[in-house]
Amino acid sequence: MRAIISRFAPAPTGFLHLGHVVNAVYVWRETRARGGRVLLRIEDHDRQRSRAEYEAAILDDLAWLGFEADEGPVRQSERGAIYEEALERLRRLGLVYACGCSRAEIMAALKGRPTNEDPVGRPFRAAAADAELWYPGTCADRGLPEAPGLGLRARLEPTVERFVDLRHGLQEQRPSEQCGDVLVRDREGNWTYQFAATVDDLVQGVTLVVRGDDLLASTGRQIQLARLLGREEPPQFLHHPLIMKSADQKLSKSDGDTGVRELRARGWTAERVIELATSVVAGDHEEAGLDPSCGSDPY
Ligand SMILES: [Zn+2]
């Protein structure tokens, strides 16, 4: 049996809030229940948005809450050589190409297409802010030389990725139809979340990824990317429920900010913060209109 190694991986682009607390509860609970270890990884791959003071505050709040990692913190900003090496492997496989497309250009390229060409089989809906943008491969055969100001993409294979999520069960995803060729470095020169996290999970030997339901749809592409990078067995994934939108709005309205800093400043104890975070998590029954607090534990 593989040793269980999980990670808690906040991005220092803001302060710790209740959503992070929910994730921490799940990460530590699920990992400890399996006798595993938790690594702490600071995902500061976005150099423009990451700040040292956020990192310091996150570490301080985590310690105050009582979440103790077994290793780390490791910072993505210090791991450029590791990502370069992984990129080089993809280059040798002929999978990397330069891409100069902005988000607006990708959307414009998609608009020009008849909707029946939409690979996901639905009308073009990328206008919604949270809709996933499918990259139509505009630069795939342009042979652009790699240069500052251009991004880098990795070609995906038209595979179906099957995996068993520890909470949701069997999943089937078609990354090449969901997102198209995946961006590994953006036009500002930042490694992307998808690439950096996948490389780190591989290099750090992470075998259990515990994260929110909002990332479930991107799991297939990380599994495929990991395989292209030489990973034989992907990590196991567990996607947990997020804080209910309605609760989040209600909390912000009645209590002001839901940041851990603010709650601390108001004299809350760590136990009370953790209790609040876990009490406002959407259960499996939320969609059915049932009170989640009456729902059974999803496990
Ligand atoms: Zn492009």
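What follows draws every value from the coordinates through simple rules; no lab data is involved. Bear in mind the structure is a predicted one, so any value in this text is a computation, not a measurement. Cβ placement follows ideal geometry from the backbone for every residue including glycine, while neighbour counts extend to all protein chains displayed.
General observations
- Cα centroid of the range 187-218 to Cα centroid of the range 44-92, whole Å: 11
- Relative packing of 3-14, 27-38, 189-200, which averages over residues the other C-beta atoms within 10 Å, highest first: 189-200, 3-14, 27-38
- Ranked by the mean number of other Cβ atoms within 10 Å per residue, highest first, peptides 265-274, 148-157, 133-142 order as 148-157, 133-142, 265-274.
- Percent of C-alpha pairs per 10 Å bin, the range 124-214, short to long: 13, 37, 39, 11, 1
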